[in-house]
Amino acid sequence: QVVNLNARRKIADLDLPGMPHLGSGIAFTWKGRRVMATPNLKESVITLIDTQDWKTVASIQTLGPGFFVRSHEKSRYAFTDAMMSPTAKDTLIAIDKETLAIAAQLRPVPGKTLAHIEFTRDGRYALASLMEMDGAVIVYDAQTLQEVKRLPMKKPVGKYNVWNKINRSEG
């Protein structure tokens, strides 16, 4: 449901399958419309909802149920994981925000959980968590989608860019 906090009432129902993870979604402009994109914890899909009429405008099939979608206004791509999938937890998907097509599948360590993209403040890099005891934060160039560097860490799970959040970055 969509609740208008100013009106203090429900204004729409959202047509979302499975178990959407709304808090891990993003908003961006697509074809002149403001849309929100949300991952799904039970289904292999990213759902795009128009924030004017609250209707589904697109469904993007993914490799498996995922937890996060992240982007940045300076990146053409939105990244999503499939970390809830038993067969694709090791792959991040880069979605072209203009065409909504899958632009790339990033699988740096087969069989290991790769998830939770966050962007640097300037949007130049996307940071992915290789969530294993012998894990790493993997730094990707947000334009070329090429791996730039690995920062070894033990099970890096959460990393959040407070600057991007409080300044309402598109991601």
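Out of the residues in segment 83-119 meeting the condition of being under 28 Å from Asn167 (Cα atoms) and modelled with pLDDT under 95, tell me which one is most open to solvent (accessible area, probe 1.4 Å). The selected residue is Met83.
Filtered by the rule that a residue be out of contact with any Asp or Glu (no Cβ under 8 Å at 6 or more places or on another chain), open to solvent by 50 Å² or more (accessible area, probe 1.4 Å) and in contact (Cβ under 8 Å) with a residue 24 or more places away in the chain, segment 32-50 gives Lys42, Glu43. Pairs meeting the criteria (first residue in segment 143-171 and among the aromatic types (Phe, Trp, Tyr), second residue open to solvent by less than 80 Å² (accessible area, probe 1.4 Å), beta carbons under 7 Å, at least 6 apart or on different chains) are Tyr160/Glu118. Does Leu100 count as on the phi > 0 side of the Ramachandran plot, touching a residue at least 12 places away in the same chain (Cβ under 8 Å) and out of contact with any Pro (no Cβ under 7 Å at 6 or more places or on another chain)? Yes. The residues of segment 120-132 that are within 14 Å of the chain's Cα centre (by Cα), open to solvent by less than 20 Å² (accessible area, probe 1.4 Å) and among the hydrophobic types (A, V, I, L, M, F, W, C), listed by number, are Ala126, Ala128.
Inspect segment 143-156 for any residue being open to solvent by 20 Å² or more (accessible area, probe 1.4 Å), β-branched (Val, Ile, Thr) and either part of a strand (DSSP E or B) or under 24 Å from Val45 (Cβ atoms) (or both) and give the result as yes or no. Yes, that holds for at least one residue. Within segment 17-35, the set of residues being in contact with a strand residue (DSSP E or B) (Cβ under 8 Å, 6 or more places away or on another chain) and within 15 Å of Phe67 (Cα to Cα) comprises Pro17, Gly18, Met19, Pro20, His21, Leu22, Ser24, Gly25, Ile26.
Of the numbered criteria (1) part of a loop (DSSP other than H, G, I, E, B); (2) of a type outside the set (Ser, Thr, Tyr); (3) open to solvent by 20 Å² or more (accessible area, probe 1.4 Å), the one Gly66 fails is (3).
Can Ile93 be described as in contact (Cβ under 8 Å) with a residue 12 or more places away in the chain, under 24 Å from Pro152 (Cβ atoms) and outside any loop (DSSP other than H, G, I, E, B)? Against the criterion (in contact (Cβ under 8 Å) with a residue 12 or more places away in the chain, under 24 Å from Pro152 (Cβ atoms) and outside any loop (DSSP other than H, G, I, E, B)), Ile93 does not qualify.
Take the residues in segment 157-171 that are exposed (fewer than 10 other Cβ atoms within 10 Å of the Cβ) and of a type in the set (A, V, I, L, M), then tell me which one is nearest to Phe28 (Cα to Cα). Across segment 157-171, the extreme among qualifying residues is Ile166.
The values are calculated or read from the model by the stated rules, or taken from the named source; none is laboratory data. Everything numeric in this text was worked out from a predicted model, so none of it was measured. So basically every Cβ, Gly included, is an ideal-geometry build from the backbone, and we count neighbours across all protein chains shown. Side chains included, ligands, DNA and RNA excluded: accessible areas come from the protein's heavy atoms. Shrake-Rupley method; radii C 1.70, N 1.55, O 1.52, S 1.80 Å.
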